[in-house]
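Working notes for the structure below.
Since every read-out is calculated from the coordinates, none of them should be taken as a lab result. This is a predicted model, so every value here is computed, not measured. Backbone-built Cβ (ideal geometry, glycine too); neighbour counts: all protein chains shown.
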Amino acid sequence: MKRREFIATSLATASLSSTARAQSAPIRIGLMAPLTGVAAAGGREIVDGFTMYWAEANNMAGGRKVEILIEDDASNPDTALQKARRLVEQTKVDFLAGNLLANTGLAVANYVKGNGVPYFIPVIAANDLTQRARIKNVIRVGGYAASQFSPPLADWALKQGYRRVAMIAQDYTFGHEQCGGFAQAFTEGGGTVIGQFWHPLNTADYSPYLGQVASLKPDVVFAMETGADSTRLVQQYASFGLKGRIPLLGAQNTIDQSVIRTMGPECEGIISAAHFAEGADLPATQAFVKAYGARYDNKIPSLYGFTHYIGAMWIAKAINAINGKVEDRDLFLDTVMKTDLPDSPLGKPVRLDAYGNPVYDVFIRRVMRNKDGKYVNAPIGSYPQVSQFWKYDPETFMRQPPYSREFQGIKKA
Amino acid sequence: MKRAALWILVAALVLLVLPQVLPGYQVSIATQILIFGVLAMSIDVLAGFAGRTPLCHGAIFGTAAYVVLYWTTVAGGGIFTGVALGVLAATALAAVFALLAIRTSGVYFLLLTLALGMIVWGVCLRWTGVTGGENGIRGLGRPEMVADHVTFYYVTLGVVAPVTLLMWRFVHSPFGLTLRGIRDSETRMRSLGYNVPLHLFLAFLASGFFAGIAGALYAIFNDYVSPSTVQLTQSVAGLLMAITGGIGTLLGAFVGAGAIILLENTVSAFTARWPIVLGITFIVIMIFAPEGIVGRIRLLRARMRRVSSP
């Protein structure tokens, strides 16, 4: 009897001291990014943006030290899963963040659905993660849903008098969702989609598509590309002589800083929509761009770096508000959901909607030279308070099928 | 013979005790090694015993995973039927591949199976309505009874052990000997009156069946499948495991799977350049132990025996 009591009391003290220790021990963040494989370039910038914020905050939040453990997901969902397991089960991180490719994010999200570990996804844009298949502990701080920025771009295009659009896009979910957002808003506003061209990832030669686009004689072209495909499309659009004849609109990633950084005049004048414009004349934005450049050999930040920077900022503000008690997951997640950022590099307050996706003032951006002669996306217009549901009621929007190659939300005339 | 029994006993004991001493995450790695060991063995059946090196087993393996997850999530079926259907689908796919590929050999067989595997990958990528395209299929969570790593390890071991025994019997049966005969001289076997295409077809079928079992286990293990599970790198990874362990040794597959998965895990914790380290390791193995780890050990032991015997 005595022995049992002894065991019980010593267990109680042990567990007490472990909670006490947990409060003073560092907060451990598991950051996953593709450092090898197809998405490696963007992955590097994820790490840069995320760690830059924490370095500025002296790696402290809520009175506790913050440790960042970086793992390479190799641009592969199976590897991402394995790394997520390692971070959670072996390294015992308090929460996860990062990943770039939608499939790596979806795999990890499915894993944390089972164990409740908070997971923050500034780049994973897959609509359903904050819509139909929402997981409570997966929050898109600093990021955007795939079809969030294309409807305002479509609206802007209509206002320019464009009525007939041709679309070129990578044939996978991210492309289907972005194009769906554009096509639905564009056709509901009175425009017509006269052609959609889906091509496989890593297309080297766009001539079959560009030839058809030219023969359709559209008012405007919308292109949804990522990585090296973006560079090739923009270059070939110019070399086919379409640049200057038919205006080109791009998804935010088609013409992201990471793409135009290495390009010449062929990228000038392309229009896109995003929450962040590295060429914006706002003091907060320029201060961030300058600090980023000073830290990473004069590089202008891309969306990958930027979203992870403010993603980290978002998380840090929530941790400060709860005095570092990240072990209380419900409290932590609720606080993140309620946290807004008045002083981010965006220069305007941002908040999360009820589904864990941010609401932004969205810029219409045009590629132009800055005063140093480098190409940047600079704002030429803006749409206030754009949520992932555009002007639709969330419930009604989620009742329609997810955007796919078959369903683009195109309004029947 | 007594010695072999002793080794088997030791191996069984180690495998049984392992999850009791390893922390949770390492148990999941051990489970993964067992699963990939089966995949590598299924490749070894063809590459090591029938002399036909396939590059499509990732696709067969992944097809089983897709069917299991599709059945349990989209179709809302049970896990056991799902596994049965997954293995069946893998075997059926192997049958189709076999019909197309067995008449070729050498580099042609390699390329043909590679192309067939790529077709599966393309279908998984583009048939968005069924496979979820690039996003893949997410499961509903592992079944409650095998949710934790330790239980799942024992379940996997419970499947893998008899499967291994079965494959061992298979390659050491008269049928297996015929395969080895075909590997060494197809024309001689033909002139001896053996139906070579039929033997190869059946070997391919069996190999696909076993790869399907591995794929079904992997589906439950990861609870997620995407085109990267069926892509070429998966087939290559399986083949590399078989080669690293020792082609034609069957059980070397586990050694190869263990070596590669552990190496991947430890090296990637230290450097972002882990694929380079992995690549160099393969080169070193190919130069100094082209017969694989187990093959090399066997060779050394045989040499020692020769030296010690007068």
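Averaged over B:256-265, how many beta carbons belonging to a partner chain fall within 10 Å of each residue's beta carbon?
Working: counts 0, 0, 0, 0, 0, 1, 0, 0, 3, 4.
Across the residues of B:256-265, the mean count of other-chain Cβ atoms within 10 Å is 1.
With 10 angstrom as the radius, rank A:Tyr304, A:Tyr111 by how many other C-beta atoms surround their C-beta, starting from the fewest. Before the final figure, lay out the partial values.
Details: A:Tyr304 27, A:Tyr111 23.
Fewest to most other Cβ atoms nearby, the residues stand as A:Tyr111, A:Tyr304.
What whole number of Å gives the distance from the Cα centroid of the stretch A:194-215 to the Cα centroid of the stretch A:227-288?
Rounded to whole Å, the Cα centres lie 18 Å apart.
In percent, how large is the relative contact order of chain B, given Cα pairs closer than 8 Å and 6 or more residues apart? All intermediate terms of the calculation are to be shown ahead of the outcome.
Details: 474 pairs, mean separation 97.9, N = 310.
So the answer I get is 32 percent.
In the protein assembly as shown, what % of DSSP beta bridges are antiparallel (nearest 5)?
Values: 20 of 51 bridges.
DSSP beta bridges in the protein assembly as shown are roughly 40 percent antiparallel.
Quick one: compute the contact order of the stretch A:104-177, relative version, from alpha carbon pairs under 8 angstrom and 6+ residues apart, as a percent. Spell out each step's value before the answer.
Values: 66 pairs, mean separation 20.1, N = 74.
Relative CO of the stretch A:104-177 lands at 27 percent.
How much net charge surrounds A:Gly195 when only the other residues with a Cβ under 15 Å from the Cβ of A:Gly195 are counted, with Lys and Arg +1 and Asp and Glu -1? Display every interim value, and only then the final one.
Details: positive: A:Arg163, A:Arg164, A:Lys217, A:Arg405; negative: A:Asp171, A:Asp219.
Net local charge, A:Gly195 excluded: +2.
Just checking the output field for A:197-203: average partner chain Cβ neighbours within 10 Å of each residue's Cβ? Kindly include the intermediate steps, with their values, before the conclusion.
Numbers: counts 0, 1, 0, 3, 2, 0, 0.
What the average comes to for A:197-203 is 1.
Taking the radius of gyration and the Kirkwood hydrodynamic radius from Cα positions alone, what is the Rg/Rh ratio for chain A, to two decimal places?
Result for chain A is an Rg/Rh of 1.02.
Under a 10 Å cutoff between Cα atoms, tell me which one of A:Asp48, A:Asp297, A:Asp205 has the largest fluctuation in the Gaussian network model of chain A.
Between A:Asp48, A:Asp297, A:Asp205, it is A:Asp297 that shows the largest mean-square fluctuation.
Please work out whether the stretch B:159-295 counts as rounded, prolate or oblate from its C-alpha gyration tensor, where a ≥ b ≥ c are the square roots of the eigenvalues and a/c under 1.5 means rounded, while otherwise a/b larger than b/c means prolate and anything else oblate? List each step's numbers first, then the result.
Details: a/c = 2.31, a/b = 1.57, b/c = 1.47.
Since a/c reaches 1.5 and a/b is larger than b/c, the shape of the stretch B:159-295 is classed as prolate.
Compute the long axis of helix A:303-321 from its Cα atoms, compare it with the longest principal axis of the Cα atoms of chain A, and write down the angle in degrees, 0 to 90, nearest 10.
Its long axis makes an angle of about 30 degrees.
For chain A, set up a Gaussian network in which alpha carbons nearer than 10 Å are linked by springs, and say which option among A:Glu56, A:Glu177, A:Glu266 fluctuates the most.
A:Glu56
Okay, helix-only estimate at 222 nm for chain A: each DSSP H run of n ≥ 4 adds -39500 (n - 2.57), divide by all residues, round to 500 deg cm²/dmol; what do you get? Could the numbers behind the result be given before it?
Working: 13 runs with 164 residues, N = 413.
For chain A, the value works out to -12500 deg cm²/dmol.
What per residue convex hull volume, in Å³, do the alpha-carbon atoms of the stretch B:26-308 yield?
On the way: hull volume 41.3 nm³, N = 283.
Residue-normalised Cα hull volume stands at 146 Å³.
Rank the residues B:Thr233, A:Thr339 as a footprinting-exposure proxy: fewest other Cβ atoms within 10 Å of their Cβ go first.
Working: B:Thr233 17, A:Thr339 21.
The most exposed by this proxy come first: B:Thr233, A:Thr339.
When B:Met145, A:Met60, A:Met32 are ordered from fewest to most other Cβ atoms inside 10 Å of their Cβ, what list results?
Working: B:Met145 10, A:Met60 16, A:Met32 28.
Ranking B:Met145, A:Met60, A:Met32 by Cβ neighbours within 10 Å, fewest first, gives B:Met145, A:Met60, A:Met32.
Mind listing which trypsin sites (Lys or Arg not before Pro) in the stretch A:193-264 are in a DSSP loop and have 12 or fewer other Cβ atoms within 10 Å? Write down the numbers at each step before the final one.
On the way: sites: A:Arg232, A:Lys243, A:Arg245, A:Arg261; in loops: A:Lys243, A:Arg245, A:Arg261.
Counting only loop positions with at most 12 other Cβ atoms within 10 Å, the trypsin sites (Lys or Arg not before Pro) in the stretch A:193-264 are A:Arg245.
Tally Lys/Arg at +1 and Asp/Glu at -1 over every other residue whose Cβ is under 14 Å from the Cβ of B:Gly48; what's the total? Intermediate results must be reported in sequence, preceding the final value.
Details: positive: B:Arg52, B:Arg180, B:Arg183, B:Arg298; negative: B:Asp44, B:Asp184, B:Glu291.
Charge balance near B:Gly48 sits at +1.
Considering every residue in B:128-139, what mean count of other chain Cβ atoms within 10 Å of its Cβ is obtained?
On the way: counts 7, 3, 0, 0, 4, 10, 14, 13, 8, 2, 9, 3.
Counting other chains' Cβ atoms within 10 Å and averaging over B:128-139 gives 6.
Net charge within 13 Å of A:Lys348 by Cβ-Cβ distance, Lys/Arg positive one each and Asp/Glu negative one each, not counting A:Lys348 itself?
Values: positive: A:Arg351; negative: A:Asp340, A:Asp343, A:Asp361.
For residues surrounding A:Lys348, the net value is -2.
Rounded, prolate or oblate: which fits the stretch B:100-216, taking a ≥ b ≥ c as square roots of the Cα gyration tensor eigenvalues, rounded meaning a/c under 1.5, else prolate when a/b beats b/c?
Details: a/c = 4.08, a/b = 1.45, b/c = 2.82.
Cα axes put the stretch B:100-216 in the oblate bin.
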